[in-house]
Each structure stands twice: as C-alpha cells, then as structure tokens.
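Single-structure report; data block below.
The values are calculated or read from the model by the stated rules, or taken from the named source; none is laboratory data. Because the structure is predicted, anything quoted here is derived from the model rather than measured. No Cβ is skipped: glycine too gets one built from the backbone with ideal geometry, and neighbour counts run over all protein chains shown. Heads up: the accessible areas ignore ligands, DNA and RNA and are worked out on the full protein's heavy atoms, side chains in. Shrake-Rupley method; radii C 1.70, N 1.55, O 1.52, S 1.80 Å.
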Amino acid sequence: MSIRIAMWSGPRNISTALMRAWGSREDTVVVDEPLYAFYLRETGLRHPGREAILKSQATDWETVAQQLSGPIPGNKAIFYQKHMAHHLLPDVGRDWLSNVSFRHAFLIREPRAMLASLANVIPNPRVEDTGLPQQVELFEKIGKALPVLDSLDVLSAACTERAIEFILPAHGYVLGAASEAIARLLAHRLKREAKIAAVM
C-alpha cells in the first residue's frame, strides 16, 4: 500500500536535510514546500526567488491538494511531502488532509530557540510566521497519536544509531565527528539565542 508522509515543519529546522534523506530512497518521491507559491501569491511577500517559485508551482491550493492526494508520481510507494506549516493559510481547505493514505508528522524545535533564531532572518516575527498555530490545529484536528520530532534530537540520534561520521550542513562545509559537532552547534546556538531572547 502506498503512503504519503506529510511532514509539517516549523522554520529554522532540518526539514530540507530530512527531505533529502527520504529522497535518496528508491521507493520514494519527494516534493518541497508545495504550498509555497500559493502562500507567496496570497501574502504578497517578496521572498528571494519569488518569481521563479510562482512559475514553478501551482498557485491555487485546490490544485496543490489534488496533486498531493492524487496518484503518486512515478508509481512510487512513498510520497514524502515537506511542508512549512505557516504556508497552511486559513483559506486552505482541510478536508483533503484526512485522506487515509496520509501519515502526518510534525518537525519542531524548542519554541524559544526557534523564535530567537527566526528573529535573525525575520525582524519582529509574528506567531503566524512560526507555523505553531497551524501545527496545533492539525494536531487537534487529525488526532493526537501522531509523531512529533525535535529536529536536533532527530539528527543527533540518527548519527549515533547509524554511525554517521560526517554531516553536511546548509552552509556547505563538511563536519567530522558528527555527534560532537551537533553538540557544539547546539551549545553555540543556545548561548547565542539566549542573548537574543533576553532582549526580546
């Protein structure tokens, strides 16, 4: 039986790395932020690459919903869908998310650390920018027996379990001793974000 994994992520997470990991499987096809073009059109936000995104994706949520709940591309067994939860605007219908083939999960980060990090890229972020209201809504609507993943914990545990020695963060530098590197990264972020949180 084919399944669709709808991963609802907050910002400043490891959502892209997780998507690429799923994309490396031969039985899986992935889609990256399929509601992004709709979100940009509705909000009018001038994000980098806006025009290219608007041209490459459907800009109405109904079409996106049909694509995500319809036949799986390439007849793959798994359809991994990386979503940014804040793209799920109020105008987006929710009924399609109850499709029995969907498996919903939430990729989260400790909210205070996430908000402090988000403030580095979005001045004066609103609660809607965090995706947390949408995650709570889905959590309550679809059912509470759902996976909830903390991003850095997931990455650290995966490195330990799979004896992963190297990681390649988004900045492009290869880091050896993966578990130790993640611990140092976490300590650095917490120290930096505590300073930011203190002045917010």
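For segment 1-114, a crude dipole built from +1 on the beta carbon of Lys and Arg and -1 on the beta carbon of Asp and Glu, taken about the Cα centre, is about 360 debye to the nearest 20. Glu137 contributes an accessible area of around 60 Å² to the protein surface, as traced by a 1.4 Å probe with all chains present.
Taking all Cα-Cα distances within segment 3-142, those exceeding 23 Å account for 33%. Inter-label distance, Thr160 to Ser56: 3.6 nm, where each label sits 7 Å from its Cα along the C-beta direction.
The residues of segment 25-83 expose on average 53 square angstrom of accessible surface per residue, using a 1.4 Å probe on protein heavy atoms. Across segment 16-27, computed HN-Hα scalar couplings (Karplus, 6.51 cos²θ - 1.76 cosθ + 1.60, θ = phi - 60°) run 5, 4, 5, 4, 5, 5, 5, x, 7, 7, 5, 8 Hz from first to last residue, x flagging Gly and Pro. Among the trypsin sites (Lys or Arg not before Pro) within segment 79-114, those in coil by DSSP and having at most 15 neighbouring Cβ atoms inside 10 Å are Arg94.
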